[in-house]
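Colleague: Before anything else, here's the structure in question.
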Amino acid sequence: MLGSNLGIMTRISKSGGCQCGRVRYTTSVDPDEAYLCHCRMCQRATGGVAAVFVSVAQADTQWVSGPDWYASSPIAKRPFCSACGTPLGFQFAEGSANMDLTIGSFDDPSDFRPKHHFGAEGIHEAWLDTSALPRIRSDEHTVLVQKWKDAGAQPPA
Ligand SMILES: [Zn+2]
Ligand SMILES: [Zn+2]
């Protein structure tokens, strides 16, 4: 798709994995190829109001330590970690060169930009524009901060 970059894909190498670290991947990705999927299958698979994905080429993606796979329908399977439960992506069961990885599973998810909404029939409008809601930082929540201190650990940055 032509954009401000005149159609030149800007691919960068990125890594990610599940919460417990058992599953790890590396891939080459265009951060502008991200999107939200609001379909009911993705809501159930991730527990969110939408799944947030970036499309990558399967050929560019290496599972350093492989995921478990759930056949979520006759046409699709979803990688996840059976130890910690992290949803890691989406892949058609067959016939596709690409797959999706979940934005939140990347080690640094900060540079992705969504370009469209998919599964628009499942959009829950109340969650789309939340920018005016009050913002409470984790490190301002004294009960949470004390729990981390009591556990002798540092809160995740
Ligand atoms: Zn895990
Ligand atoms: Zn979906």
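The values are calculated or read from the model by the stated rules, or taken from the named source; none is laboratory data. All figures in this text were calculated on a predicted structure; none of them were measured in a lab. So basically every Cβ, Gly included, is an ideal-geometry build from the backbone, and we count neighbours across all protein chains shown. Note: areas computed on protein heavy atoms with side chains; ligands, DNA, RNA excluded. Shrake-Rupley method; radii C 1.70, N 1.55, O 1.52, S 1.80 Å.
Colleague: Stokes-Einstein diffusion coefficient for the chain at 4 °C in a medium of 1.567 mPa s, Rh from the Kirkwood formula over Cα pairs: what value in µm²/s?
Modeller: Estimated diffusion coefficient is 75 µm²/s.
Colleague: Quick check: pseudo-label points 7 Å beyond the Cα along Cα→Cβ at Asp150 and Tyr70, how many nm apart are they?
Modeller: 3.1 nm
Colleague: Got a number for carbon plus sulfur as a percent of region 1-96's accessible area, 1.4 Å probe?
Modeller: After summing per-atom areas, the C and S share lands at 56 percent.
Colleague: Trypsin sites (Lys or Arg not before Pro) within region 112-155: which are DSSP loop residues with at most 12 other Cβ atoms inside 10 Å?
Modeller: Sparse-neighbourhood loop trypsin sites (Lys or Arg not before Pro): Arg135, Arg137.
Colleague: If you place +1 on the Cβ of every Lys and Arg and -1 on the Cβ of every Asp and Glu, how big does the dipole about the Cα centre of region 11-157 come out, in debye to the nearest 20?
Modeller: Roughly 340 debye for region 11-157.
Colleague: Work out the FRET efficiency for His117 and Thr10 from their Cβ-Cβ distance, taking R0 = 22 Å, and round it to the nearest 0.05.
Modeller: 0.45
Colleague: Then there is this: Apply the a/c threshold of 1.5 to the C-alpha gyration tensor of region 43-95 and tell me whether it is rounded, prolate or oblate.
Modeller: Taking the square roots of the gyration eigenvalues as a ≥ b ≥ c, region 43-95 is rounded.
Colleague: Can you give me the distance in nm between label points at Ile136 and Ser82, each placed 7 Å from the Cα along the Cα-to-Cβ direction?
Modeller: It works out to 3.8 nm between the two label points.
Colleague: So, for region 1-123, what is the accessible surface per residue at a probe of 1.4 Å, expressed in square angstrom?
Modeller: Counting only protein heavy atoms, the per-residue value for region 1-123 is 55 Å².
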